[in-house]
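Step one of this worksheet: look at the structure below.
The values are calculated or read from the model by the stated rules, or taken from the named source; none is laboratory data. Keep in mind it's a predicted model, so treat the numbers as computed, not measured. Please note: Cβ atoms are built from the backbone with ideal geometry, for glycine as well, and neighbour counts cover all protein chains shown. To get the accessible areas, we keep the full protein, side chains included, count just its heavy atoms, and leave off ligands, DNA and RNA. Shrake-Rupley method; radii C 1.70, N 1.55, O 1.52, S 1.80 Å.
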Amino acid sequence: MKRLLPIAAALLLALAAQTAQATLNVLACEPEWGALVQELAGDKASVYIATTGLQDPHHIQARPSLVAAARNTSLVVCTGAELEVGWLPVLIRQSGNNAIQPGKPGNFEAAAYVRKLEVPDRLDRAEGDVHAAGNPHIQTDPRNIALVAEPLARRLAELDPANAAAYQARYADFMARWKAAIQRWEKEGAPLHGVSIVVQHKAFPYLEQWLGLTEVAVLEPKPGVEPTSSHLSTVLAGLQTRPAKMIVRAAYNDGRGAEWLAERTKLPIVVLPFTVGGDDQAKDLFSLFDDTIQRLLKAAP
Ligand SMILES: [Zn+2]
């Protein structure tokens, strides 16, 4: 008994420390939303991120460790717009967690707060198109991050009212720093305005709209379909009349299609982090955009 007492006391202390640190368990589908929750919640939330910057968020396995994380979470923060349609519904169903079902306060879809680009006139998943609900890659425009931050801070406060003031204060602090950063990025990125690019996947329409880049060709014949040799030849021929300055792909993409085209055109390939953790420089939301702008500028004429 004497020996057990210190152990019990240590356990209790550890438990108390845990409760004081984090009150809200959050599961983020992608690293950018995990990073945003960390900005808004600090030590009030414990964040589990379901994917890394080197994984294709369209295609994830709902593996047992993910299901276990979903079972013990109060809030899932995901992109939505069908980005996770192949795995998130399975994950949520298998978790048996009533709090995170669609429509519940514990289920947050970032894309619902952003005006989506490339929304098709009619729903069409023909030939494997993975963007049937419009383009889901909203995180490549920092103004979209700002649009998501406000309702996300409100949701955190709703689920954890005891810390509502802390979420509000952290939101205000984040937004002040974020707005200043956007102004800086826009100034730095000014030389990119009007620069023509080839992209591998339709991953960057929001970034293009923000910085004024012009997309002249896409290596994938349809979103989510790997480049075929016949389609690559069509892209190569098209560049004769609509030339480009660089080939842009996300860190998680297979690089072979871009390399094929680069060999024949001598265009530089720009690998963008696409999300937090996509490369060593993109450590948080701020450095994600610092790095994105720098990589584009380095390849720009
Ligand atoms: Zn996509």
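What does the charge add up to near LYS245, with Lys and Arg as +1, Asp and Glu as -1, over the other residues with Cβ less than 15 Å from its Cβ?
Local net charge: +3.
Add +1 for every Lys or Arg and -1 for every Asp or Glu among the other residues with Cβ under 15 Å from the Cβ of SER287, and state the total.
Computed value for this residue: -4.
Suppose R0 equals 45 Å; then what is the FRET efficiency for ASN98 and ALA180 from their Cβ-Cβ distance, rounded to the nearest 0.05?
0.65
Find the lysine pairs in the chain meeting two conditions, Cα atoms under 16 Å apart and a separation of 8 or more places or different chains, and report how many there are.
For the chain, the number of qualifying lysine pairs is 7.
Could you give me the radius of gyration and the Dmax of the stretch 100-197, taking only the C-alpha atoms into account and expressing both in angstrom?
When restricted to Cα atoms, the stretch 100-197 yields Rg and Dmax of 17.2, 50 Å.
Using the Kirkwood radius over Cα pairs, work out the Stokes-Einstein diffusion coefficient for the chain at 4 °C and 1.567 mPa s, in µm²/s as a whole number.
Here the translational diffusion coefficient equals 63 µm²/s.
Could you give the nm distance between label points at GLU150 and GLU226, where each point is 7 Å from its Cα heading toward the beta carbon?
4.3
Using mean Cβ contacts within 10 Å as the protection proxy, how do 34-41, 152-159 order, highest first?
Sorting 34-41, 152-159 by mean packing, highest first, produces 34-41, 152-159.
Fully extended, how many nm does the chain gain between ASN25 and HIS193 (0.36 nm per residue separation, minus their Cα-Cα distance)?
Between ASN25 and HIS193, full extension yields 56.4 nm more.
What is the gain in length, in nm to one decimal, between ALA164 and ALA112 on full extension, counting 0.36 nm per residue of separation less the C-alpha to C-alpha distance?
Extending this stretch completely gives an extra 16.5 nm.
Rounding to the nearest 20 debye, state how big the charge dipole of the stretch 103-225 is about its Cα centre with +1 on each Lys and Arg Cβ and -1 on each Asp and Glu Cβ.
380
Would you work out which of HIS231, ALA251, SER196 lies farthest towards the positive end of the dipole of the stretch 173-270, given +1 charges on the beta-carbon of Lys and Arg and -1 on that of Asp and Glu, about the Cα centre?
The listed residue farthest towards the positive side: SER196.
Might you tell me the accessible area per residue for the chain, computed with a 1.4 Å probe and given in Å²?
With all protein chains present, the chain gives 48 Å² per residue.
Where the accessible area of the chain is counted over protein heavy atoms with a 1.4 Å probe, how much of it, in %, is carbon and sulfur?
55
Would you mind classifying the stretch 186-286 by shape? Square roots of the alpha carbon gyration tensor eigenvalues, ordered a ≥ b ≥ c; an a/c under 1.5 is rounded, otherwise it is prolate if a/b is larger than b/c and oblate if not.
Since a/c reaches 1.5 but b/c is at least a/b, the shape of the stretch 186-286 is classed as oblate.
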